[in-house]
Amino acid sequence: MTTNTIVTRWWWVRHAPVTDHGGRLYGRTNVPANTSERPRFEGLARALPPDAVWLTSNLLRTHQTADAIAEAGHDVPARSIEADLDEQDFGAWHGLTWSEVAAERGSDLAHKYWVAPAHVTPPEGESFVQLVERVSAAVTRRTAQHAGQDIVAVAHGGSIRAALALALGLDAERALAFSIDNLSITCIDHVDGPAKGQAWRVAAVNLPPV
């Protein structure tokens, strides 16, 4: 890379698992996370960079996850809340089981491993396509704001898939194919400079805490 290249690295961390939702769709609701597995947070504390900008979504489980990483030994600075990194809004489907959602949406809207195809908008909610647009705008804005820095974003499976869609220029439906585990790390770099080529590169996806 040329000497005047600016690299902004996003360190995406999916929040700690939600274990008391009874198998119901929680999406953009404020359910708590289970932060009892301290060794996993100690792994994150070792893996994440010092002196980074820290972002969380607007939802409680991302705040609890960031707090647990700090308690495990990482020097977490004051965090900014970025509501546009929230999970997909499932609207009237919140609180339903997956089978109840399947019965409501019908077989023509069935999906192999997600709640519904990317283009489907739940009643009073948003589609995954809309989530990709929302997260992409936030990532673009924050990348410009914190150019050349490390950014740790404690977020959600949906928002991390959306960031991968932006980085790789993927159709939203294709981005749903990424598996993003709780407390995993996904690294995406924005490379800005005079040379030719795509601005985004993907350094790691779904790494376990070490």
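Every read-out reported here was derived from the displayed coordinates using simple, explicitly stated rules and does not represent laboratory data. Since this is a predicted model, take the numbers as computed values, not measurements.
Per-structure values
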quantity: Value of [θ]222 nm, deg cm²/dmol, for the chain, DSSP H segments ≥ 4, -39500 (n - 2.57) each, nearest 500; calculated: -9000 deg cm²/dmol
quantity: Kyte-Doolittle mean at least 0.0, axial Cα span of 20 Å or more - DSSP H helices of the chain; calculated: 128-145
quantity: Cα-based equivalent ellipsoid of the range 109-210: semi-axis lengths in Å, sorted from largest, via gyration tensor; calculated: 25, 16, 13
